[in-house]
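Below you'll find the structure, written out as structure tokens, and then a few comments.
Read-outs: derived from the displayed coordinates by stated rules, not from any lab. These figures come from a predicted structure and were not determined experimentally. So basically every Cβ, Gly included, is an ideal-geometry build from the backbone, and we count neighbours across all protein chains shown.
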């Protein structure tokens, strides 16, 4: 934003890192649940975190998720879904990052659109993980900002202002539906998949 443009290579690198986050979130939640269980059992939290532990009724997982690319992909995408509402939110985020080109926004409004667009994409991609689906509601705040921004910032024409308000209203509406759930369950975390 400081130099008035984005680095394509930096955006590609950021997207590559961002896409990895939803694939790991269910494991982070599982680790947190295990550490909470261990702490409630009176086990030392730090030792359990660094050395691990076992559950008395646990069993060994002998499945080989690396047997073939299709088996690997099926195992990796467990707990990930891409509802159309999140897809549409990602598209809105991409369009926001292009408002300088599409609608001629400049200065404060262009900078706002770029930052909000990147944040909308980030939230929507992370929310593809069912354990983080509730994060999609953050986009409600971004949508509200998009509605207000044309009236508060400079550098926006009539078409850009209308586009911002329409994008904001659409983003708010797209943020409320949860979307279809997979068959996966996350123990005590299921109640947070809203």
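Worth a mention:
- Residue match in the stretch 31-39 (condition: closer than 30 Å to residue 116 by Cβ, within 29 Å of the chain's Cα centre (by Cα), touching a residue at least 60 places away in the same chain (Cβ under 8 Å) and not in a loop (DSSP other than H, G, I, E, B)): no
- Among the conditions (1) touching a strand residue (DSSP E or B) at 6+ places or on another chain (Cβ under 8 Å); (2) free of Cβ contacts under 8 Å to residues at least 40 places away in the same chain, the only one that residue 21 does not satisfy is (2).
- Test: residue in the stretch 137-159 that is in contact (Cβ under 8 Å) with a residue 60 or more places away in the chain, surrounded by 14 or more Cβ atoms within 10 Å (Cβ to Cβ) and farther than 17 Å from residue 80 by Cα: no
- Positions within the stretch 111-136 being surrounded by fewer than 21 Cβ atoms within 10 Å (Cβ to Cβ), more than 26 Å from residue 188 (Cβ to Cβ) and touching a helix residue (DSSP H, G or I) at 6+ places or on another chain (Cβ under 8 Å), in sequence order: 114, 118, 119, 122
- Count - residues of the stretch 54-93 that are touching a residue at least 24 places away in the same chain (Cβ under 8 Å), out of contact with any helix residue (DSSP H, G or I) (no Cβ under 8 Å at 6 or more places or on another chain) and part of a loop (DSSP other than H, G, I, E, B): 2
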